[in-house]
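The values are calculated or read from the model by the stated rules, or taken from the named source; none is laboratory data. If you're wondering where the values come from, they're calculated on a predicted model, not measured in any experiment. Neighbour counts are summed over all protein chains in view; Cβ atoms, including those assigned to glycine, are modelled from backbone coordinates with ideal geometry.
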Amino acid sequence: MKIRFFFSRISAFTTVFLLLLSIDANAQKEKIQTAFLYQITRLIEWCPEGTEGNFIIGVVGNEPAISSELNVLAARRVGGQQIEIKTFSSVAAITKANILFVPESQFNNINEIVAKTSDFCTLIVAEQYGATKKGAGISIVYNSRLSKLEFEISKSYMRRNSLNVSNQLYDLATSIY
């Protein structure tokens with residue numbers, strides 16, 4: 001009887017501990033994604049229309065974790081531009097943005113998102129491997145096993161959208177298309 005009680009307590013403690021670890025891992029993912037998005041603002045020379053007004057980083061869909069982390073960037077600047085964070089509830093709501101983050105939950109809409117932003121000087125960063133083959137400029141995936149971000153980049157997307165990318169960014173990419 002005491003042994004069962006002891007193991008049930010250990011089991012409960014282990015479950016809570018693993019839950020806390022998973023919460024920390026998810027929070028880490030958004031922090032790393034935010035740091036990545038901020039770093040690429042410095043490794044890309046934006047087209048002339050992208051240097052006017054605020055520097056807008058948009059998120060498609062209701063993603064409070066990444067939006068919360070990105071809001072920390074609102075106190076920073078890209079060159080002389082103040083960073084502004086926008087959340088777009090749907091593809092139809094998307095307006096001009098320098099960077100548009102497409103979370104995994106919105107990846108099914110990638111074709112519509114690419115079409116919607118085709119007239120803007122926008123870098124689409126999608127949270128899905130293979131997104132560069134579907135029209136995004138960069139696709140990122142958080143490797144939780146290694147606690148690191150891996151990404152692919154599309155040179156043709158960058159050229160087509162007049163985004164001059166530093167060789168440093170290309171050197172860090174896991175794949176270049």
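Among the residues of the range 79-99, how many are at pLDDT 95 or above and either more than 16 Å from Phe120 (Cα to Cα) or among the polar types (S, T, N, Q) (or both)? Qualifying residue count, the range 79-99: 10. Would you be able to say whether some residue in the range 58-71 is among the hydrophobic types (A, V, I, L, M, F, W, C) and farther than 24 Å from Ala173 by Cβ? Yes, the range 58-71 contains at least one residue that is among the hydrophobic types (A, V, I, L, M, F, W, C) and farther than 24 Å from Ala173 by Cβ. In the range 150-163, the condition of being within 15 Å of the chain's Cα centre (by Cα) and either modelled with pLDDT under 95 or of a type in the set (A, V, I, L, M) (or both) is met by at least one residue. Taking the range 112-149 as the range and being of a type in the set (A, V, I, L, M), surrounded by fewer than 16 Cβ atoms within 10 Å (Cβ to Cβ) and modelled with pLDDT under 95 as the test, only Leu146 passes. Residues in the range 96-108 include none that are farther than 22 Å from Asn164 by Cα, surrounded by 18 or more Cβ atoms within 10 Å (Cβ to Cβ), in contact (Cβ under 8 Å) with a residue 24 or more places away in the chain and of a type in the set (Gly, Ala, Ser).
One line per residue, one yes/no per condition, for (1) surrounded by 13 or more Cβ atoms within 10 Å (Cβ to Cβ); (2) not hydroxyl-bearing (Ser, Thr, Tyr):
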residue	(1), (2)
Ser68	yes, no
Arg76	no, yes
Ile110	yes, yes
Glu152	yes, yes
Arg160	no, yes
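Tell me, please, whether a residue that is exposed (fewer than 14 other Cβ atoms within 10 Å of the Cβ), at pLDDT below 50, more than 30 Å from Asn167 (Cβ to Cβ) and not aliphatic (A, V, I, L, M) can be found in the range 26-40. So far as the range 26-40 goes, no, none of its residues is exposed (fewer than 14 other Cβ atoms within 10 Å of the Cβ), at pLDDT below 50, more than 30 Å from Asn167 (Cβ to Cβ) and not aliphatic (A, V, I, L, M). Among the numbered conditions (1) at pLDDT below 95; (2) within 19 Å of Ile138 (Cα to Cα); (3) in a helix (DSSP H, G or I); (4) charged (D, E, K, R), the only one that Arg4 does not meet is (2). Return the total of residues in the range 31-85 being without any contact (Cβ under 8 Å) to a residue 12 or more places away in the chain and within 25 Å of Glu150 (Cβ to Cβ). Here the count works out to 3.
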